[in-house]
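What follows is one structure encoded as structure tokens, with my remarks underneath.
Any read-out appearing in this document is the output of simple, stated calculations on the displayed coordinates, not a laboratory observation. Because the structure is predicted, anything quoted here is derived from the model rather than measured. Glycine also receives a Cβ, built like all others from the backbone with ideal geometry; neighbour counts cover every protein chain displayed.
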Amino acid sequence: MRMKKIRMAAVALLLGFLASLPAIGFATGGTAFTVERFVVAESVQDREPVNETEKFPASAEAAYCFLEARSIAQSTDAVFVWYKGDEVVARVTAPLGQGQRWRTYSSKKLNGQTGEWKVEVQDKDGHVMSTVNFTVE
């Protein structure tokens, strides 16, 4: 009888451990979401990028960085990190809801700042998920 209780306790422990594996995988480097699309555009309308581009004229008021995320294991954040050259000029956090697909974007006023730009999208832990480059001429 004692051996049966020990086996039952061992099975319960094993089941508890197995049930916790997805959470452990997520916390130790599992992917919070996958990047389906990450582009820069002239604007965003109806949750879609308009006029995707890699070059903006110096007269452009703003650039929009659009993210389509997939396979979002649990509600989390995406962080848009805007760089002018090597300098971080903005950091914008956008929520992503749990699910198969989520679209969001961030924008940055350009103020005639010509040169090389890039935007990274990072997960909430700071891991770079994707990068897009563009130029203001």
Subject >> Counted charge near R101, where neighbours are those whose Cβ lies closer than 11 Å (Asp, Glu -1; Lys, Arg +1) >> reply: +2
Original post:
Which order, highest average first, do 116-123, 48-55, 86-93 follow once you tally other Cβ atoms within 10 Å for each residue and take the mean per peptide?
Top reply: 116-123, 48-55, 86-93
Subject >> Extension gain from R91 to V128, taking 0.36 nm per residue of separation minus the Cα-Cα distance >> reply: 12.0 nm
**OP:** Subtracting the Cα-Cα distance from 0.36 nm times the residue separation, let me have the gained length for K55 to T31 in nm, one decimal.
**Re:** 5.6 nm
**OP:** Under 12 Å Cα to Cα from K109, which aspartates and glutamates show up? Leave out anything in the same chain fewer than 8 places away.
**Re:** E42, E61
Original post:
Given R₀ = 22 Å, FRET efficiency for R101-Q45 by Cβ-Cβ distance, to 0.05?
Top reply: 0.75
